[in-house]
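Here is the structure we will look at, set down as structure tokens.
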Amino acid sequence: MYNWQYPHDRTEVESWLYPIDKEPTTDDVGVAAIQQHADAWNPELKTEQIELPKKDGFYHVHVSKDGKDAQVIYADPGTGEVFGKIEEERREPFETIYNLHRYFLLTSVIGKKQAASFVGWMGVGMVLILLTGVYLWWPGIKKLALGFRIVRNRGKLIHNMGLHKTIGIISIPLLLLAALTGVVNAFEKSIPGWAGFKAKEEVPASAKQYETTDKTILPVDRVLGSIEQSYPNSKLVNILFPQKPGESYQIGLKEGFGASDKSNSTVYMKSSTGQVLYKTDPNLTINLYNAWRKGLHFATWGGTAMRLISFVFGIMPLVLMITGIVIWQLKARARKRNKKKDKTTVAAA
């Protein structure tokens, strides 16, 4: 299945780098009409998956030829018109940035699992730095206010030390959360095993593909009508189409409050009859763990305000690095001056 999405939301940044020269029209012709337009766009390609309108306002339709030559195209919600392609070039710079963040660009050197572990241990180091920073900052209960004091008129060293300590202690809660969830994500498959859980909810193979002599595949509008009736409080996010008899429809839903705007539950439906074969449970411990370890790390919950807050605090390590380097340089210069004074004093004596 062609799907190169990463576990974070990059739609807004992508729209700045690769603007779409169209605006979505109003109204919504529905998934069935979108499928018809997508199938007609290139008769050699078949619709595999439809994602409901994203922040760019368009449906994203995955099409392929027998699972090959896969690509993602846009569809206008108001007219159903299919146009353009979400080109592979659009992966950059996101793919490189993601691989740097997730694997430190080491997958081709030491392998994917080892690269993830390396980054995970770097995250452990980050956690230790933050915790020791709290220890060094702690002024005591009676002098707690002094820990947030920035002195401006006693030289650059005292000023930068005040900035470093104050910015650091204010940033630490979110930075610690980011570091801890980063470690968890790096060891995502190992940690559930340590806690006695499986890494993900196991979906029975018979829910995805089943034996049948019935070659009927229900039209998607009937399937979605049944979904709407059975799960009226859920929001449709995407739908994966059966490519041949015996394969199920897979309908992604968002139920309740989730860690992102992506689906947190999947309904597996018999394509010939509409019978529900299996439904994942968004409240299952392992599913909550998988959703929130990503949602907290990438700030995909809480809307724009949370993303802005996370961005601001996300650049604080850079600020701390700069103030730390300045402090180190000022102290080094002070030591050199003191050594010169000592030598001058000894010579004079």
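Brief remarks on what is shown
- Which numbered condition K343 fails, given (1) of a type outside the set (A, V, I, L, M, F, W, C); (2) in a helix (DSSP H, G or I); (3) closer than 30 Å to K55 by Cα: (3)
- Within the range 210-221, residues that are in contact (Cβ under 8 Å) with a residue 12 or more places away in the chain and of a type in the set (S, T, N, Q) have Cβ atoms under 7 Å from residues that are in a loop (DSSP other than H, G, I, E, B) and buried (at least 17 other Cβ atoms within 10 Å of the Cβ) in these pairs: T212/G246; T212/S272; T216/S272, counting only partners at least 6 apart in sequence or on another chain.
Every residue, every condition in (1) in contact (Cβ under 8 Å) with a residue 60 or more places away in the chain; (2) crowded, with 16+ Cβ neighbours inside 10 Å; (3) more than 15 Å from L174 (Cα to Cα), yes or no:
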| position | (1), (2), (3) |
| --- | --- |
| F241 | yes, yes, yes |
| S272 | yes, yes, yes |
| Y289 | yes, yes, yes |
| G295 | no, yes, no |
| T304 | no, no, yes |
| F311 | no, no, no |
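- Candidates T323, T300: the one that is surrounded by 17 or more Cβ atoms within 10 Å (Cβ to Cβ) and in contact with an Asp or Glu (Cβ under 9 Å, 6 or more places away or on another chain) is T300.
- For the range 17-31, the set of residues classified as crowded, with 17+ Cβ neighbours inside 10 Å and either in contact with a helix residue (DSSP H, G or I) (Cβ under 7 Å, 6 or more places away or on another chain) or modelled with pLDDT of 90 or more (or both) consists of V29, V31, listed by residue number.
- Within the range 152-211, helices (runs of 4 or more DSSP H) holding 2 or more residues that are under 20 Å from the mean Cα position of the chain (by Cα) and farther than 29 Å from P139 by Cα: 156-186, 190-194
- Pairs with Cβ under 6 Å, 6+ apart, first in the range 103-122 and closer than 14 Å to V184 by Cβ, second among the hydrophobic types (A, V, I, L, M, F, W, C) and assigned to a helix (DSSP H, G or I): A116/A186; V119/A186; G120/V183; G120/A186
- Of the residues screened, A145 is not one that is assigned to a loop (DSSP other than H, G, I, E, B), out of contact with any Phe, Trp or Tyr (no Cβ under 7 Å at 6 or more places or on another chain) and surrounded by fewer than 17 Cβ atoms within 10 Å (Cβ to Cβ).
- Given (1) in contact with an Asp or Glu (Cβ under 9 Å, 6 or more places away or on another chain); (2) small (G, A, S); (3) within 30 Å of K165 (Cβ to Cβ), number of the condition G123 does not satisfy: (1)
- Boolean, W4 is closer than 18 Å to L240 by Cβ, within 20 Å of the chain's Cα centre (by Cα), of a type in the set (A, V, I, L, M, F, W, C) and modelled with pLDDT under 80: yes
- Residue list for the range 313-336, filter: touching a residue at least 40 places away in the same chain (Cβ under 8 Å) and under 21 Å from L296 (Cα atoms): F313, G314, M316, P317
- Assessment of the range 246-263 against the conditions (closer than 30 Å to Y210 by Cα, in contact (Cβ under 8 Å) with a residue 40 or more places away in the chain and not assigned by TED's automatic domain parsing to the domain that holds I34) yields at least one matching residue.
- Yes/no for Y59 being of a type in the set (S, T, Y) and in contact with a Pro (Cβ under 8 Å, 6 or more places away or on another chain): yes
- Selection count, the range 186-209, where residues are among the β-branched types (V, I, T) and either touching a strand residue (DSSP E or B) at 6+ places or on another chain (Cβ under 6 Å) or in contact (Cβ under 8 Å) with a residue 24 or more places away in the chain (or both): 1
- Unmet requirement for V63, which otherwise passes all of (1) under 19 Å from L236 (Cα atoms); (2) buried (at least 20 other Cβ atoms within 10 Å of the Cβ): (1)
The values are calculated or read from the model by the stated rules, or taken from the named source; none is laboratory data. Note that the structure is predicted; figures quoted are calculated from it, not measured. Every residue, glycine among them, receives a Cβ derived from its backbone with ideal geometry; neighbour counts consider all protein chains shown.
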